[in-house]
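A.B. asks: Here it is, the structure in full.
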Amino acid sequence: MRNIIFVAIALLMTLIMAGYASVNTSWADDVAQIQKAFMNMDIMPEIYSINAWINVNNKEHDGTQIRQLGNDVAKAIDIIKSPYRCDVVDDEAQHWIKIYSDNVSVSVRMSDDVDDTQSYITVNACGDIQNAKLDDIVKSIEKGLKQYSENIHMSLALKGYIKGEARQQTLDRLNSVAFKSLNAQYVEGIKSEKLHSTTAYSPSIRHYVDIKGRKANMQLAARYNSYDNRTDVWLGMPLITVEY
């Protein structure tokens with residue numbers, strides 16, 4: 001889970017450089033759209049991963065304040081059940097506090113750099129997509145984060161699979177089902193023997209990233225897993241931020 005947090009922070013910095021569209025509306029509608037497109041694909045649905053984060057501009061921090069930030073967010077998120085577990089990391093470079101319960105965690109990071117006035121609050125949630133009400137989960141996460149910022153960044157990754165090694169025709173059909181249902185237009189793609197990845201933009205999804213002057217808010221990736229003899233498939237919004 002901690003690796004996911006680092007990925008989320010790294011993505012945050014990437015999106016700042018690329019240009020992230022700030023939309024002061026709920027992410028829940030966008031997530032519901034992606035979930036609907038994913039469930040219409042001819043694959044076996046498996047798991048979801050939600051990463052949400054905000055910047056908090058505080059010039060002075062200490063361990064108590066970091067813990068309070070984490071506790072406040074955790075208490076406001078309905079899907080986190082008490083009692084919480086708590087890990088604290090304190091080294092020369094940064095301070096972390098992580099509060100977690102079941103498949104949900106809240107992390108707060110601050111730097112020891114006196115010129116760095118930003119704290120990052122990150123919420124990660126994952127689980128079985130079959131029984132998940134993702135729009136409710138997203139609304140709950142937003143409720144916790146909005147105490148400190150309305151400018152919430154979020155990414156969603158939905159994972160499923162196809163038995164065996166999918167042929168190119170099958171992968172093309174997956175792209176068609178996922179993107180055409182949301183009127184998404186191709187932005188860029190990668191094709192190799194092991195990995196297929198396509199990024200697109202859908203006007204039906206309000207949040208997006210700006211990459212080299214082009215909007216993008218959907219990503220479909222597929223990779224053959226020879227160990228399990230299956231093709232793993234991910235659908236992400238706006239980009240996939242988990243390892244694939």
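A.B. asks: Restricting to region 55-85, what's the tally of residues that are modelled with pLDDT of 80 or more, acidic (D, E) and assigned to a loop (DSSP other than H, G, I, E, B)?
C.D. replies: 1
A.B. asks: Show the residue pairs that are 6+ apart or on different chains and have beta-carbon atoms under 7 Å apart, the first residue being within region 226-241 and closer than 17 Å to P203 by Cα and touching a residue at least 40 places away in the same chain (Cβ under 8 Å), the second being open to solvent by 10 Å² or more (accessible area, probe 1.4 Å) and not hydrophobic (A, V, I, L, M, F, W, C).
C.D. replies: Pairs that qualify, where the first residue is closer than 17 Å to P203 by Cα and touching a residue at least 40 places away in the same chain (Cβ under 8 Å) and the partner is open to solvent by 10 Å² or more (accessible area, probe 1.4 Å) and not hydrophobic (A, V, I, L, M, F, W, C), are G236/Q219; P238/Y208; L239/Q219.
A.B. asks: Further question: Residue check, K98 against (1) open to solvent by 20 Å² or more (accessible area, probe 1.4 Å); (2) at pLDDT 85 or above; (3) in a strand (DSSP E or B); (4) out of contact with any helix residue (DSSP H, G or I) (no Cβ under 8 Å at 6 or more places or on another chain), all met but one. Which one?
C.D. replies: With respect to (1) open to solvent by 20 Å² or more (accessible area, probe 1.4 Å); (2) at pLDDT 85 or above; (3) in a strand (DSSP E or B); (4) out of contact with any helix residue (DSSP H, G or I) (no Cβ under 8 Å at 6 or more places or on another chain), K98 is out only on (4).
A.B. asks: In region 210-222, what residues are modelled with pLDDT under 95 and either out of contact with any helix residue (DSSP H, G or I) (no Cβ under 8 Å at 6 or more places or on another chain) or assigned to a strand (DSSP E or B) (or both)?
C.D. replies: Answer for region 210-222, where residues must be modelled with pLDDT under 95 and either out of contact with any helix residue (DSSP H, G or I) (no Cβ under 8 Å at 6 or more places or on another chain) or assigned to a strand (DSSP E or B) (or both): D210, I211, G213, R214.
A.B. asks: If only one of V88, V108, V7, V23 is of a type outside the set (S, T, Y), at pLDDT below 85 and assigned to a strand (DSSP E or B), which one is it?
C.D. replies: V88
A.B. asks: Restricting to region 185-202, name every residue that is among the small types (G, A, S), closer than 18 Å to V233 by Cα and at pLDDT 90 or above. Even if it seems obvious, please write down each step before you answer.
C.D. replies: First, the residues of region 185-202 that are among the small types (G, A, S): 189, 192, 197, 200, 202.
Next, only the ones that are closer than 18 Å to V233 by Cα stay: 189, 192, 197, 200.
Matches in region 185-202: G189, S197, A200.
A.B. asks: How many residues are open to solvent by 30 Å² or more (accessible area, probe 1.4 Å) and touching a Ser or Thr at 6+ places or on another chain (Cβ under 7 Å) when one looks only at region 187-222?
C.D. replies: 4
A.B. asks: Taking the condition of being at positive phi and among the polar types (S, T, N, Q), how many residues in region 206-244 meet it?
C.D. replies: Narrowing region 206-244 to residues at positive phi: 212-213, 229.
With among the polar types (S, T, N, Q) added as a condition, the list becomes 229.
Number of matching residues: 1.
A.B. asks: Same structure again: Pick from region 140-168 the residues that are basic (K, R) and either in a strand (DSSP E or B) or buried (at least 16 other Cβ atoms within 10 Å of the Cβ) (or both): which of them is farthest from the chain's Cα centre (by Cα)? Before you say what the answer is, go through the steps one by one.
C.D. replies: Residues of region 140-168 basic (K, R): 143, 146, 159, 163, 167.
Keeping just the survivors that are either in a strand (DSSP E or B) or buried (at least 16 other Cβ atoms within 10 Å of the Cβ) (or both) gives 159, 163.
Values: K159: 12, K163: 26 Å.
My answer is K163.
The values are calculated or read from the model by the stated rules, or taken from the named source; none is laboratory data. Given the structure is predicted, the values throughout are model-derived calculations rather than measurements. Note that each Cβ is placed from the backbone with ideal geometry, even for glycine, and that neighbours are counted across all protein chains shown. Heavy atoms of the whole protein, side chains included, go into the accessibility calculation; ligands, DNA and RNA do not. Shrake-Rupley method; radii C 1.70, N 1.55, O 1.52, S 1.80 Å.
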